[in-house]
Structure formats: structure tokens, C-alpha cells
């Protein structure tokens, strides 16, 4: 392969070169993903013949060739997703197309937000540790002395209650630190069954669960207890938003280099509900600590879930299900890098589903 094509294949941006007659002269690997067609089939053929191409893009190519001026198109729907497209004229009627995957850009923006959120959590952890944990130690010590000295059993019980609540607050503060993960091969589907069972016990038959599984998901390295906590947080939030239906969808996606350079594949876990959704005013702040739209919420669950995702080299994102002004519904997506090879335990299989995909949460 010529050096020019090798360099183009290393680019994350899709590049397509058209000759003077509008036929594809050159395209890189990212363009194959963009058009969902291989180079062997596409080269030397008209662009409109090899894939679904929006009319505005074809019109822009014609205008560029006729007027010799470039232009930029936004949010084009192509076979491989949503793209921005730059159209530039070349020599002898050639046209160069450069297409930028908007999903990658959105994910990059969310990664930048994640870094800010993680930094805020660490700062908050240090401040809380200094300003709150020291006084808590004094309160616990005094309560312990009272519990041993008080003659009244009822008063001693209250003193021990104070000690337990102090310990709970101390554990909460410690949880702000970077989670230390026990990286082991994780079998996802048994873990998910456990989470659904726990949510069913807690909330009864409030919602129906639907499984939409990718059967090809392999074992992946992670901390099963930490991932379990993330899924619990997401499903409890959905239940508290008065949802009646939760869809759990699993997929393997490619392009994981954006998250972690050692892995090119991602496990994507979507938790989709039909509840009240997140107010628009909170969406950009959703994963920041102490931000909550619930009356009795702490604003810590999603922040800590994002921290767990980051510790795995992954990402947690949110999107509303229904467009404004109707709003409502939530889609939380957890992205986790997949290792190339993971050994032990034995490979898992997707749980058998008897026809229907729905399963009611059991109390």
C-alpha cells in the first residue's frame, strides 16, 4: 500500500477523493466505516451508487465542482452514523470529502467532562476528609464513651445509633476517593440477573424488564462489584423516576481507542427507561457531585458511577429518549473496554429467553 494511503488509514476522519467524473478515486479505512462499504467494491464507482448518500451532499459535490469553492455540511445521516462533511475542490475537477463522526466528537466532549468531574470528586474528597472526618472522629469517640457510661439502656442505644451514623458518613466520604478495583474476568449476564433481582425485591413489580442482548459479548476485565453498583444506581434512578419499562441492551462497538489505546473494542450497556427523564437544566451537570433533581437525593450516585467507569478506562453517558418539548425517558450508556484475550472462568452464555424478551421484576 502506498505511503499516502497508509497515512490516511491511520486517520480517524473519513476521507474520500472523487475524480472529475464523480467516481471514487481514493478512500481510507474510516471512510469504509462511514459508508459501510469496502474499498474493493467502492473504488472507481460513482459515490451515489455505492451507498446511501444524502441529496444535500451530492448537491454540494456538484456545486463545488462547478464553482470551485468549498463548503461545510452539518449532521448528515450516513450509513455509518451522523457526520459533519467538508467538501473541498481539487485539480481537474477532483473533489475531496472529509467526514467527521459526530458520535466520536460527542464522546470526546463527554470524556473531557469526565476529567473535570473526576477532578472535582478528588478535590471534594480531600476537603471533606480534612474538614469533616476529623470532627466526626471526635463525635464517635464521645458517643462511644457515653454508650459505656450511661445507665439507661435506651440512652446507650441512642449513643450507639450516633456511632453507626457517624461510621456511615465516614464510609460515604471515603467513597469519594478513586475506587480501587479488583480486575478479574467478569461474566456480565449473571451479574445483570443479580441486579435485576435486587431491584425487583426493592421496588416490587413496578416495572417490566426487557433484555436486548448481543450474544457475542466475551468475558471482560473489571471489578464485578463496582460494575454491579453502577447498574444498581442506574436502575434505582429509573425506578425513582416512576418508570414502567426498562430495556437493558448490550452491544460490542469498535473504535475504543478513543477511551483506551490498548483496546479497540467496547462493551456498551444501555439502560433505557420510560420514566420522567432528567430536567434539561441538569443534563450538563448530571455527573457532578452533589447535583440532584430528587427531593431526598444526595447527588453522589451518578458521580461515583462515572468515577467507577473512568477507573475501568470507560465512560458513562446520558441522553434523553424523547425529544423536547415532550421530553421524558432516559438512556444511560456505560462503555467498558474489552480486552483482546481474557482467560478464566469458563465462557458464559446468554440466558435463555422463552420467546418474549420481557421479564417482570419479581418482589
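The values are calculated or read from the model by the stated rules, or taken from the named source; none is laboratory data. Since the structure is predicted, the reported quantities are computational estimates derived from the model, not experimental observations. Don't worry about glycine lacking a Cβ; one is built from the backbone with ideal geometry, like all the others, and counts go over all protein chains shown.
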Would you confirm, using the coordinates I've provided, whether residue 267 is at pLDDT 90 or above and either in contact with a strand residue (DSSP E or B) (Cβ under 7 Å, 6 or more places away or on another chain) or crowded, with 20+ Cβ neighbours inside 10 Å (or both)? no
Scan of region 33-56 for residues that are closer than 17 Å to residue 99 by Cα and in a helix (DSSP H, G or I), ordered by number: 33, 34, 35, 39, 42, 47, 48, 50, 55, 56
Here are the criteria: (1) over 30 Å from residue 238 (Cβ atoms); (2) at pLDDT 85 or above. Tell me which single one residue 137 does not satisfy. (2)
Are any residues in region 218-248 surrounded by fewer than 20 Cβ atoms within 10 Å (Cβ to Cβ) and either over 19 Å from residue 305 (Cβ atoms) or free of Cβ contacts under 8 Å to residues at least 24 places away in the same chain (or both), and if so, which ones? 218, 242, 244, 245
Please specify each residue of region 288-314 satisfying the condition of being on the phi < 0 side of the Ramachandran plot, surrounded by 18 or more Cβ atoms within 10 Å (Cβ to Cβ) and at pLDDT 75 or above. 301, 302, 303, 304, 305, 306, 307, 308, 309, 310, 312, 314
May I ask you to verify whether residue 98 is within 30 Å of residue 56 (Cα to Cα) and either modelled with pLDDT of 65 or more or assigned by TED's automatic domain parsing to the domain that holds residue 284 (or both)? yes
